[in-house]
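S.K.: What follows is a single structure, and I will ask about it in a moment.
Any read-out appearing in this document is the output of simple, stated calculations on the displayed coordinates, not a laboratory observation. Keep in mind the model is a prediction, meaning the values are calculated, not measured. Counting neighbours? That spans all protein chains shown, and the Cβs are built from the backbone with ideal geometry, glycine included.
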């Protein structure tokens, strides 16, 4: 589906039936697209328990790439505008990695729009100086050489070793997602990520049922980061998924989907 949302052309995909359960907003990581949610959108996965919406964020997938940088608040404003366009009042927000960072902005901007929250393979802290420099270097790389040049740098740390060595199909899909991200979009998001605020103070203010999910082999946002979220968010649950790295929903979709279903049961219909 496609429409002009918050001044930009935005693309998204839906699954399940509205009214069949809570609406789940699936927010992808950097620099991927809604395609990363295919194991959740697939028939027989979650559609019997929820109405699912998976947008392409600005600058990613089929959504327009305006000039950056893209603040996390920009992404959160786009998502709220999409919900307004669709006439959806409240959602269970599910964000992975950058999607989690945007989730913290959504909590601050639009807490009344939330029924529940799923934070996957993410952290609350801001980037340090080294990480900010690396993001700027990545932005300049793709501006010079295109988005495909980012894949070799990013992919080795995105997945568990068993996934990297034993799932060539998945690795090819990930490479295609990164290569398909417009260079302006990848650079805009990288610079926005570098400038994002620390969200640690936001965590105790989260007042909806919250599930935290992390791959046991996640190098980028390891289980220790998930444990910090769990300790700070009242009433939250924590699921550590064996055999998964930073992209737990893709590497191990069955336990990831089970964690989503458990959170949906807490939220209710």
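S.K.: Which peptide among 17-28, 244-255, 122-133, 199-210 comes first, and what is the full order, when sorted by highest mean count of other Cβ atoms within 10 Å?
M.R.: Output ranking for 17-28, 244-255, 122-133, 199-210: 244-255, 17-28, 199-210, 122-133.
S.K.: P(r) tail for the chain, what percent of Cα pairs lie past 28 Å?
M.R.: Working: 9611 of 36046 pairs.
The calculated P(r) of the chain puts 27 percent of pairs beyond 28 Å.
S.K.: Once each part is reduced to its C-alpha centroid, what is the distance from the stretch 187-247 to the stretch 39-87 in angstrom?
M.R.: A separation of 19 Å, based on Cα centres.
S.K.: Need the full-extension length gain, residue 38 to residue 145, defined as separation in residues times 0.36 nm minus the C-alpha distance. One decimal, nm.
M.R.: 35.7 nm
S.K.: Sticking with this one: Test of understanding: ordering 36, 98, 1 by Cβ neighbours within 10 Å, fewest first, what list do you get?
M.R.: The order, fewest Cβ neighbours first, is 1, 36, 98.
S.K.: Another question, then. Please work out the FRET efficiency for the pair residue 109 and residue 165, using the Cβ-Cβ distance as r and a Förster radius of 41 Å; give the result to the nearest 0.05.
M.R.: Working: r = 41 Å, r/R0 = 1.00.
The pair residue 109/residue 165 has a calculated efficiency of 0.50.
S.K.: Hey, could you grab the Kirkwood Rh for the stretch 79-152? Inverse mean 1/r over distinct alpha carbon pairs, Å, one decimal.
M.R.: 14.4
S.K.: With label points built 7 Å along Cα→Cβ from the Cα atoms of residue 4 and residue 205, find their separation and express it in nm.
M.R.: Placing both labels 7 Å along Cα→Cβ, they lie 3.3 nm apart.
S.K.: Pairs of Cα atoms under 8 Å, at least six residues apart: use those to get the relative contact order of the chain, whole percent.
M.R.: With pairs under 8 Å counted, the relative contact order is 22 percent.
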